[in-house]
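One structure is given here, and the rest of the page talks about it.
The values are calculated or read from the model by the stated rules, or taken from the named source; none is laboratory data. Just so it is clear, the structure is predicted and the values come from calculations on it, not from any experiment. As a convention, Cβ positions derive from the backbone with ideal geometry for all residues, glycine included, and neighbour counts pool all protein chains shown.
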Amino acid sequence: MNKELELINEKLDFLTEQVMITRRKLEELAELKEDLTPILSDLFQTAVTELDEISAHFSYEDLIDLMKKLLRNTRTLIALFEQLESMTDLIRDVMPLSKDVFVTVLEKADELEKKGLFKLLKDGENLAEKGLEAYSSGELVSPEKVSLFRLLREMNQPEVKRTLYILLTVLKTLGAQSPNQSTNH
């Protein structure tokens, strides 16, 4: 009988221990509930206020439709995100290269500006515009016969001299290039 009483005591001790563990867990849950109640209440009030502001533009049916579309187009969205990731990787890989190219282009443009290419192009553009204006206004009428004497007289005008000088300078520069230079560029 002593053994039975001892066995009953062990079981009673075990049950008492289990009750204590359960009581501690219940106390922890009650404490957690006490801590979370004001937070959840504030969160709920904020959600109600925010949803009230958009209630004229939003309905629950809209949310349901949106959820359906998201679920229906999940594969499309996944493919879109994968493409976006690929594009991001490409940009990340290309950025260092593009910086080098940009610096090289700027250096070459600066070199060409120092050589006077842009001024020459601007002068050529101005000459072309003036030529087009003269042609469209009817000033450039080609006579049927042009004498050598008339050509020499026209070449004596300052604007003709300036234009011929620019054209001859360009031709001289082009002619000064070696045959290898002109084929490489």
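Odds and ends about this structure:
- Residues (in a helix (DSSP H, G or I) and either in contact with a strand residue (DSSP E or B) (Cβ under 7 Å, 6 or more places away or on another chain) or surrounded by fewer than 10 Cβ atoms within 10 Å (Cβ to Cβ) (or both)) located in the stretch 139-153: Leu148, Phe149, Leu152
- Taking the stretch 144-171 as the range and being basic (Lys, Arg) and modelled with pLDDT of 85 or more as the test, the residues that pass are Arg153, Lys161, Arg162.
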